[in-house]
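To keep things clear, I will list the structure first and then write my remarks on it.
The values are calculated or read from the model by the stated rules, or taken from the named source; none is laboratory data. Predicted model, so just to flag it, every value in this text is computed and none were measured. Cβ atoms come from the backbone with ideal geometry, glycine included; neighbour counts cover every protein chain shown. Side chains are part of the model used for accessible areas, which takes the heavy atoms of the whole protein and leaves out ligands, DNA and RNA. Shrake-Rupley method; radii C 1.70, N 1.55, O 1.52, S 1.80 Å.
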Amino acid sequence: MTTLWFGIIAGMFAIYAVLDGFDMGVGIVYLPAARTDAERRTLLNSIGPVWDGNEVWLLAGGGTLFFAFPAAYASGFSGFYLPLMMVLWLLILRGTAVEFRNCIANPVWTPFWDVVFAGASALLALFFGAALGNVLRGVPVDANGNFFLPLWTNFRLGPEPGILDWFTITIGAASVATLAMHGALWVTMKGDGSLQQRARNIASLSWLAVVVLSFILLLIVPLIRPHFAQRYADRSSGLIFPILAFASLVGIRIMTRTDRDAAAFLCSCAYILAMLAAAAFGHYPYLLSAVSDRQAGLTIFNASTSSSGLSIGLYWFIPGVMLAGTYFVFAYRHLLGRTGQAEY
Amino acid sequence: MNALTVDRIQFAFTVTFHYLFPQLTIGLALLIVVLKTLALRTGNSHYNEAARFWARIFGINFVVGVVTGIPMEFQFGTNWSAFSKAAGGVIGQPLAMEGVFSFFLESTFLGALLFGERVLGPRLHWFSAFLVFLGSWISGFFIVVTNAWMQHPVGYMQNTDGTFSLVSLTALLTNQWFVWQYLHNMTAAVVTGSTVMAALGAFYLLMRRFEDFGRTFVRLGVITGLVASALMIFPTGDGQGRNVANYQPVTLAAMEGLFEDKRGAPLVIIGQPNVEARRLDNPIVVPDVLSFLTYRRWKAEVRGLAGFPEDRWPANIPLLYYAYHIMVGLGSIFVAVYALAGWIMYRRRLYQTPLLLWALMLLAPFPYIATTAGWMTAELGRQPWLVYGLMRTAAGSSPQVSVGNGLFTLLGFMGMYSVLSVLFLLLIYLEVLRGPGGADPQAPQAMAAAAD
């Protein structure tokens, strides 16, 4: 039961990464890809009706973590206090930028929100990547499962890590590169003309960066976190995830070469899902591992609510998510056209 | 100042600011459904244009509501980790359900409401409006379920490590406390929506702009405002009052400023609670009424604060007392204004009575004050408990978050929200200037054009 909820929560955050990932990705490539006001409107319209629904996956995932593993939610959210607050402010800025930018057409208002949108999106990608890095690297939890991390210490891995060190920054960079590629592929699919051409160029550049960074990560994560290596050694079936991730990367290359834009974007979705699945598989059964002594970490066994609560949750979760899936299909089918601007 | 105080102020500030926006969208969602229904029934495009206008106002409110709502869910973990660890197994469920059942629905169909009029056709567009209404009311449902559990915990068990976990979802969702609190809260939101609609209508009539829309807004706002403000006092306010009397008698005593046990307790209209001297200074009272309202008997005994140990008294009795009296006082004023406006409207003289239009227009901020005071009554009344009778507020905050970090983020939120307020008011101002009408259903471009 706890394993099931671990999977559900990991799945919800992975869906969040794929869906809000292209919103953030559009933000990252927004300034270089879209030069004219019309092109920028096209990009904003291509996420306008859905970004908010995409963000709900973060909230729903957070809520699910809250009730299924209250101890991990409490420890993690208070321990990552400062970066989380900054994520909240960035989410506020990103949302207002998307919605308010087109409310007034004026040469000061629009460029201001353009920069806010692009900057907030890129920083969000970096922070979410670094957050994943922190979870994978582990935190200095005390006997009660509590910790508090400063923003940085000496940028090294050790008994006193900070939120930012070379490892988490690497994952943050990989996250920015991945979402830039993801967003660029979305734009390639939704845009046309020179906008589409610029997006193609950004997609192939960031694809290269993603390939390099993925290799580095797959090498260093098992080195830094021995429990990862152990887990994959015990259950070699898990190797399917990293293999799938690389297959998806190859797929992106083939599809972009042959101008099959939708297929390329889907490969990018598959890449993100596979990478996160690889991370979740290797991290299992930990929610938050300890830096020094592995025994003291928070696992799905010592951080979960009672089994009665977990069973009750299943009764509403399954129909609820099926309903959400229905809305999702509706939104993407009826509210989003092939090219944003023409539809509105 | 200690970290606990900072955590409390930050939560109070962010949630108070946040709730300014959902209360309008909850109320407006219902009114937009009414307008869309009128449009569908009469075939008159006037109502569609009115609905479109309010959907844009709704949209701006919704964005600010969404971006200020995300911090609420995070703050349980960031600033109240001890509470989250203990109670997450229970209150995490309704919060996750809110995301799954309400936010997906609301966000998807708001998109349909704002952008989909042409693609969907009139019936599906009406249905989108209805689903947005449903989504916002479901959202309120789960939030009040969460709060009701903190006010009157049911359906849980305590584990050996002191944490709570959920035993019965049915008990949680049918909490006696929840039913009245929910209805009271939602009718209050309808009062906010109605008052804002009537106020804007009155403004247009006084400005002599968009007068046909002004009349529609005033008419609809006064009708729903009259019904909702009456329902707010009876039965919902009355029912909620008896919940407090049953489950939090010490809170009732503090709200009413009743220091001693009293047979035939009076209803205090006004007066200043003096906690040091344990009496109410300069009171104006109506004898026996509190006893009647609480127990339906004029001479029933109501317990005063003296009957309870002091460590169970709400921590800030004067603030609780004043918040409660402001809420009740404003609620009574709403009924009076709406009854008068309804009567004059029935006599077909409302649109020609500037004095009453002024009154309706100036009423606009007061439902916000009343709902804020109402929530302060609920939350201050729950003190010193975080979960009533089970966990004290002092035991719930995050042990590792220092005063300095807390102050930093509190000030950050204050700055961020000040900027948001200015932007919000600017955009609402532009919408009001642009007014309803104009056939173009395409919100962003049309809004941009209006500002040129």
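Some points to look at:
- Criterion: away from chain A (no Cβ under 14 Å) and either touching a Ser or Thr at 6+ places or on another chain (Cβ under 6 Å) or open to solvent by 30 Å² or more (accessible area, probe 1.4 Å) (or both) - qualifying residue of B:A188, B:A171: B:A188
- Among the candidates B:A300, B:A323, B:A364, residue that is touching a residue at least 60 places away in the same chain (Cβ under 8 Å), of a type in the set (A, V, I, L, M, F, W, C) and surrounded by 16 or more Cβ atoms within 10 Å (Cβ to Cβ): B:A364
- Those residues of the stretch A:295-319 which are of a type in the set (A, V, I, L, M, F, W, C) and more than 23 Å from B:G99 (Cβ to Cβ), in sequence order: A:A296, A:F301
- Which numbered condition A:A199 fails, given (1) open to solvent by less than 20 Å² (accessible area, probe 1.4 Å); (2) in contact with a Lys or Arg (Cβ under 8 Å, 6 or more places away or on another chain): (2)
- Of the candidates B:I233, B:I269, the single residue that is open to solvent by 40 Å² or more (accessible area, probe 1.4 Å) and in a helix (DSSP H, G or I) is B:I233.
- Only one of the numbered conditions (1) open to solvent by 40 Å² or more (accessible area, probe 1.4 Å); (2) part of a helix (DSSP H, G or I); (3) over 29 Å from A:W166 (Cα atoms) is violated by A:L205, and that is (3).
Residue-by-condition table, conditions (1) away from chain A (no Cβ under 14 Å); (2) small (G, A, S); (3) within 18 Å of B:Y388 (Cβ to Cβ):
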{"residue": "B:W137", "(1), (2), (3)": "yes, no, no"}
{"residue": "B:G162", "(1), (2), (3)": "no, yes, yes"}
{"residue": "B:N175", "(1), (2), (3)": "yes, no, yes"}
{"residue": "B:Y182", "(1), (2), (3)": "yes, no, yes"}
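- If you check B:P122, B:P153 for being touching a residue at least 60 places away in the same chain (Cβ under 8 Å) and either crowded, with 18+ Cβ neighbours inside 10 Å or closer than 21 Å to B:A370 by Cα (or both), only one passes: B:P153.
One line per residue, one yes/no per condition, for (1) over 21 Å from A:P70 (Cβ atoms); (2) of a type in the set (A, V, I, L, M, F, W, C); (3) open to solvent by 30 Å² or more (accessible area, probe 1.4 Å); (4) assigned to a helix (DSSP H, G or I):
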position	(1), (2), (3), (4)
A:C267	yes, yes, no, yes
A:A270	yes, yes, yes, yes
A:A274	yes, yes, no, yes
A:F281	yes, yes, yes, yes
A:L310	no, yes, no, yes
A:L314	no, yes, yes, yes
A:G320	no, no, no, yes
A:L323	yes, yes, yes, yes
A:T326	yes, no, yes, yes
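- When A:F66, A:F80 are screened for being farther than 21 Å from A:G191 by Cβ, open to solvent by less than 10 Å² (accessible area, probe 1.4 Å) and modelled with pLDDT of 90 or more, only A:F66 passes.
- Some residue of the stretch A:41-55 being hydroxyl-bearing (S, T, Y), open to solvent by 10 Å² or more (accessible area, probe 1.4 Å) and more than 8 Å from chain B (Cβ to nearest Cβ): yes
- Any hit, the stretch B:378-387, residues being more than 30 Å from B:F308 (Cβ to Cβ), part of a loop (DSSP other than H, G, I, E, B) and open to solvent by less than 60 Å² (accessible area, probe 1.4 Å): no
For every residue, the table says whether it meets (1) closer than 21 Å to A:L157 by Cα; (2) modelled with pLDDT of 90 or more.
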| position | (1), (2) |
| --- | --- |
| A:I202 | no, yes |
| A:S214 | yes, yes |
| A:L218 | yes, no |
| A:P222 | yes, no |
| A:Q230 | yes, no |
| A:P242 | no, yes |
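- Pairs where the first residue, in the stretch B:239-255, is of a type in the set (K, R) and the second is open to solvent by 30 Å² or more (accessible area, probe 1.4 Å), C-beta under 7 Å, 6+ apart: none
- Residues being without any contact (Cβ under 8 Å) to a residue 12 or more places away in the chain and at negative phi are entirely absent from the stretch A:270-290.
- One residue stands out among those in the stretch A:113-158 that are over 28 Å from A:A303 (Cα atoms) and aromatic (F, W, Y): the one that is surrounded by the fewest Cβ atoms within 10 Å (Cβ to Cβ), which is A:F155.
- Which numbered condition A:L59 misses (of (1) facing another protein chain (nearest Cβ under 8 Å); (2) in contact with a strand residue (DSSP E or B) (Cβ under 9 Å, 6 or more places away or on another chain)): (2)
- Residue within the stretch A:92-112 that is more than 30 Å from B:E98 (Cα to Cα) and either surrounded by 22 or more Cβ atoms within 10 Å (Cβ to Cβ) or more than 13 Å from chain B (Cβ to nearest Cβ) (or both) present: yes
- Residue in the stretch A:169-191 that is touching a residue at least 60 places away in the same chain (Cβ under 8 Å), within 14 Å of chain B (Cβ to nearest Cβ) and part of a loop (DSSP other than H, G, I, E, B) present: no
- Of A:A68, A:A38, A:A60, all but one fail to be out of contact with any helix residue (DSSP H, G or I) (no Cβ under 6 Å at 6 or more places or on another chain), more than 25 Å from A:V210 (Cβ to Cβ) and touching a residue at least 12 places away in the same chain (Cβ under 8 Å); the exception is A:A38.
- One residue from A:T170, A:T153, A:T178, A:T188 being modelled with pLDDT under 90 and of a type in the set (S, T, Y): A:T153
- Residues within the stretch B:397-446 that are within 18 Å of B:R209 (Cβ to Cβ), facing chain A (nearest Cβ under 9 Å) and modelled with pLDDT under 90, tallied: 0
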